[in-house]
Amino acid sequence: MNTGPSADGYRLEWLTSFLAVVDHGGFAAAAEHTFRSQPRVSTHVADLERRLGAVLFDRRERPVRLTEAGVAFLAHARAIQRELEAGVSAVQSVLGLLRGHVRVACFPSAAAAMMPRAIIEFERLHANITVSLVEGDTLNIGEALYAGEAELALRPVNPPAREHSLEWHVLWEEPLVAVVARDDELATAERLTLFELSRRPLITIGSGQEHQEHAFEVHTALADAGLSPRIPVQTNQPQTLVAMARAGLGVGITNLLAASVSDTEGVVVVPLRDVVPHREVGVFWDTSRPMQPATRAFLDLLLQMPVPEPVELYQRRELTGPGCGR
């Protein structure tokens, strides 16, 4: 006969109150956020502790802190909560009542070029699911997924994500381009090379804090070509890069979409002909977390969406050969 611990006798509201105390830092705050009285929250946690045979919180601390037993139990409590939510969503999906909320982390140009059309189509297909964006720079997007702040993310495949539990599917490939002030002699070129640009000050993607293994495509391409140009300015904001190039502070190098969604008055966007590989953009998810049906539905839509229009136009020009007007 099995005389070990059993799941019998545990109540879901105990877990809800326990997680609320963890997430909000105390019993009073947990009561406020769960719309329960503080004594009721305290009773739930005490009942859970009694059933487990362990004290979960050090109540002498302010705010209260988890004990060693509490830390050990926390991950399992969250897993139970996630699995229950997944079960509810799965049943709703079977019944044709798919509901929920999907958070998508995006870097600026993907958010502007891809997400409006995707959200409009998704709302048409799934009126009971809402979508919100978590915008950030490329390196922070993986962290948002890993921390549970988003369910999906659009980001370049490079620099590689630091979080090893992330998987991805490539959605499109786009070239890098030069952004040149309109009165610059380089503005008349049909295409430019990295060698030509390396003799100028460059304005590039990034923050300057990336290690080599987390370098953006342009930095990798420059290093592979043995070039060490002066890079006085780096930015993750497309419009800032364009403004710097317009002011003559240097030649900007960015991805095609970033240039396409920016106000390019006063500059010319010139393709680069020797940067390989081009930028690959993918949709990412965290395999350490169960994927809810609502998230799966949005992922399926993204995998079926056409590439953003500027990328499609570029691909058409490549098929017909260089020389198309800018």
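The values are calculated or read from the model by the stated rules, or taken from the named source; none is laboratory data. Values in this document were obtained by computation on a predicted structure and should not be read as measured data. Every residue, glycine as well, gets a Cβ built from its backbone with ideal geometry; the counts of neighbours run over all protein chains shown.
Of E61, E83, E123, which residue is surrounded by fewer than 16 Cβ atoms within 10 Å (Cβ to Cβ) and farther than 30 Å from L152 by Cα?
Every option except E61 fails the conditions.
Restricting the search to the range 87-98, which residues are in a helix (DSSP H, G or I) and either modelled with pLDDT of 75 or more or out of contact with any helix residue (DSSP H, G or I) (no Cβ under 8 Å at 6 or more places or on another chain) (or both)?
Hits for the range 87-98 are G87, V88, V91, V94.
Looking at the structure I just gave you, is P108 surrounded by fewer than 21 Cβ atoms within 10 Å (Cβ to Cβ), under 12 Å from the mean Cα position of the chain (by Cα) and not hydroxyl-bearing (S, T, Y)? First the steps, then the outcome.
Numbers: surrounded by fewer than 21 Cβ atoms within 10 Å (Cβ to Cβ): yes; under 12 Å from the mean Cα position of the chain (by Cα): yes; not hydroxyl-bearing (S, T, Y): yes.
Spelling it out, P108 is indeed surrounded by fewer than 21 Cβ atoms within 10 Å (Cβ to Cβ), under 12 Å from the mean Cα position of the chain (by Cα) and not hydroxyl-bearing (S, T, Y).
Write out, first by first residue and then by second, each pair whose Cβ atoms fall under 7 Å of each other, whose residues are 6+ apart or on separate chains, and whose first residue, in the range 148-171, is under 11 Å from V134 (Cβ atoms) while the second is of a type in the set (S, T, Y).
As it stands, the answer is E151/T295; L152/T295, since those pairs meet every condition given.
Quick test for you: out of A54, A20, pick the one residue that is surrounded by 14 or more Cβ atoms within 10 Å (Cβ to Cβ), more than 23 Å from G148 (Cβ to Cβ) and of a type in the set (A, V, I, L, M).
After ruling out the rest, the residue left standing is A54.
Table: residues versus (1) buried (at least 22 other Cβ atoms within 10 Å of the Cβ); (2) in contact with a Ser or Thr (Cβ under 9 Å, 6 or more places away or on another chain); (3) at pLDDT below 90; (4) assigned to a helix (DSSP H, G or I).
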position: Q209; (1), (2), (3), (4): no, no, yes, no
position: G226; (1), (2), (3), (4): no, no, yes, no
position: L241; (1), (2), (3), (4): yes, yes, no, yes
position: T264; (1), (2), (3), (4): no, no, no, no
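Looking at the range 132-157 only, could you name the residues that are surrounded by 23 or more Cβ atoms within 10 Å (Cβ to Cβ) and part of a loop (DSSP other than H, G, I, E, B)?
Residues satisfying the conditions are A150, E151.
Among the numbered conditions (1) surrounded by 14 or more Cβ atoms within 10 Å (Cβ to Cβ); (2) assigned to a strand (DSSP E or B); (3) in contact (Cβ under 8 Å) with a residue 60 or more places away in the chain, tell me where H101 comes up short.
For H101, the failing item is (1).
Are there any helices (runs of 4 or more DSSP H) wholly within the range 1-61 with 1 or more residues that are more than 37 Å from the chain's Cα centre (by Cα), within 20 Å of I80 (Cα to Cα) and at pLDDT below 95, and if so which?
38-52
Can you tell me how many residues in the range 137-160 are among the hydroxyl-bearing types (S, T, Y) and under 24 Å from T240 (Cα atoms)?
At the first step, the residues of the range 137-160 found to be among the hydroxyl-bearing types (S, T, Y) are 138, 146.
Now drop any that are not under 24 Å from T240 (Cα atoms), which leaves 138.
Total meeting the criteria: 1.
Identify the single condition in (1) surrounded by fewer than 17 Cβ atoms within 10 Å (Cβ to Cβ); (2) within 27 Å of the chain's Cα centre (by Cα); (3) modelled with pLDDT of 90 or more that P232 does not satisfy, given that it satisfies every other one.
(2)
Quick check, is E149 among the acidic types (D, E), closer than 26 Å to R78 by Cα and in contact with a Cys (Cβ under 9 Å, 6 or more places away or on another chain)?
So E149 fails the test.
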